[in-house]
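The values are calculated or read from the model by the stated rules, or taken from the named source; none is laboratory data. On a predicted model such as this, the values are computed, not experimentally measured, just so you know. Cβ sites come from the backbone with ideal geometry, for glycine too, and all protein chains shown count toward neighbours.
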Amino acid sequence: MKWNHVFAGIFVLALLASFGWFLRAPPQEPEPQQPPMTVEESMKQAEAEQAQKDQEAFVQQWRERNLRRAQTSFTDAPMDIKALLTAIVMGRTPSDADLAKFSKEEINKTYPLTEGEWGIDKGYTDNLLREALLLRNFEAAQALVKHGADVRYNEDEFAFKAMKTKTAFGMEDNAGIVPFPDYAFGNQFLTLYLENGGDPNAYEYDINNCLLNYADGNHNLQAVLILLAHHADPWFQVPDEGSEYRYDSFFVTIANAYDVDLEIAFRVARKGYYDNAPPDKLDGLIAQYQGIAKQYVGSSGPSDLESTWGLQEVLNLILKGNNRAPTRFIAELLAMDVPDDIGGFYLAPGQLWSPPGTPQMTGDDHGTEKWDG
């Protein structure tokens, strides 16, 4: 009995202690409740959800349509290659185990293009890596290259197509023209090409363009800088097939007063790629800029002054990087006083493409970003 009393007492004391702790414990704050959405917020959320569904439906239909095209090219391929093709086209990433079953020759096996497809007239062929790029499946491209896929198929088509592949796609790609489109997604493939045996000076005879000139022609500033970082030669001249003629180098091509090319030249010069140039090539480039400067010396119209401002920014950097003093028309152009409210680049420091919401270009548009070169 005594032990029963003892246990009962201990139980009561424990109960009282826990009750006392409960009394001393601070009250719990109620969970804050989110205010109900306004009608406008609710409509925006519904629009965003519908846009997401529309985008997913578009991509699915686009993949299915391309699968039919790709299957036509791969008609004679073995069944396991066809299964791999289907996975790549539909956006899946083949595993190491999936690809280990195939030899390098099987991964690079080529097949005839679908009738009417671009490149068929040039004798191009289809392969798994090509489909990974066309279907925007970067992870699959990485996996294929890891297992021996040749990035230099079809005269380096992989690199040229990569530089035209915009980040915006599907419902969001309205083909709007902005000063510097966002090619960040496609430039992943370009980097993959350069890091796996690609030639930074690759060119195509039919377009008379090396990769640098092609990147400039598409206003792909990021690709230009990627190529130069991988030792592309900005003085390289594409040879004309069947003759001794050579086309203009990248540096000569962008030596003009066009606002986008001036901005590309400025960004390249800031990175030091003009510095310590071969004297004979630099002399030719300076001579070209002399002719351009002559056209703008003494100009007073707003558009001409915009070009004058850009030329001043570029030429100051080129001359400084080569320890050259300005002469003749360049000296006169650099001495011109451009009003403070005229001149500027499209991109701010650190930007490589036009930020979202940038309006389409018109003939009267000019950049407004001014920063130290």
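If the condition is being surrounded by fewer than 16 Cβ atoms within 10 Å (Cβ to Cβ) and closer than 15 Å to Leu135 by Cα, then segment 67-85 contributes Arg68, Gln71.
Number of residues in segment 219-252 that are touching a strand residue (DSSP E or B) at 6+ places or on another chain (Cβ under 9 Å) and not in a helix (DSSP H, G or I): the value is 11.
List pairs: first residue in segment 138-154 and within 16 Å of Asp126 (Cα to Cα) and of a type in the set (Val, Ile, Thr), second residue at pLDDT 95 or above and part of a helix (DSSP H, G or I) anywhere in the structure, Cβ distance under 8 angstrom, at least six positions apart or on different chains. Matching pairs, first to second residue: Val145/Leu129; Val145/Leu192; Val151/Leu129; Val151/Val145; Val151/Phe158; Val151/Ala159; Val151/Leu192; Val151/Tyr193. Checking each residue in segment 91-119 for being assigned to a helix (DSSP H, G or I) and exposed (fewer than 15 other Cβ atoms within 10 Å of the Cβ) picks out Asp96, Ala97, Ala100, Lys104, Glu105.
Specify the residue that is nearest to the chain's Cα centre (by Cα); the eligible residues are those in segment 33-66 that are surrounded by 11 or more Cβ atoms within 10 Å (Cβ to Cβ) and polar (S, T, N, Q). Among those residues, the one meeting the criterion is Gln55. In contact with a His (Cβ under 9 Å, 6 or more places away or on another chain), in a loop (DSSP other than H, G, I, E, B) and not polar (S, T, N, Q): is that true of Pro200 in this structure? Spelling it out, Pro200 is indeed in contact with a His (Cβ under 9 Å, 6 or more places away or on another chain), in a loop (DSSP other than H, G, I, E, B) and not polar (S, T, N, Q).
Applying the set (1) in contact with an Asp or Glu (Cβ under 9 Å, 6 or more places away or on another chain); (2) in a loop (DSSP other than H, G, I, E, B) to Asp261 leaves exactly one unmet item: (2). Can you say whether Ile292 is in a helix (DSSP H, G or I), more than 30 Å from Phe169 (Cβ to Cβ) and of a type in the set (Val, Ile, Thr), as far as the supplied structure shows? Considered against the rule, which asks whether it is in a helix (DSSP H, G or I), more than 30 Å from Phe169 (Cβ to Cβ) and of a type in the set (Val, Ile, Thr), Ile292 comes out as yes.
With the condition kept exactly as written, say whether any residue in segment 120-137 is under 17 Å from Leu194 (Cα atoms), surrounded by fewer than 20 Cβ atoms within 10 Å (Cβ to Cβ) and of a type outside the set (Gly, Ala, Ser). Within segment 120-137 (the criterion being under 17 Å from Leu194 (Cα atoms), surrounded by fewer than 20 Cβ atoms within 10 Å (Cβ to Cβ) and of a type outside the set (Gly, Ala, Ser)), the answer is no, since none of the residues qualifies.
The number of residues in segment 113-137 that are closer than 12 Å to Asn154 by Cα and modelled with pLDDT of 95 or more comes to 7.
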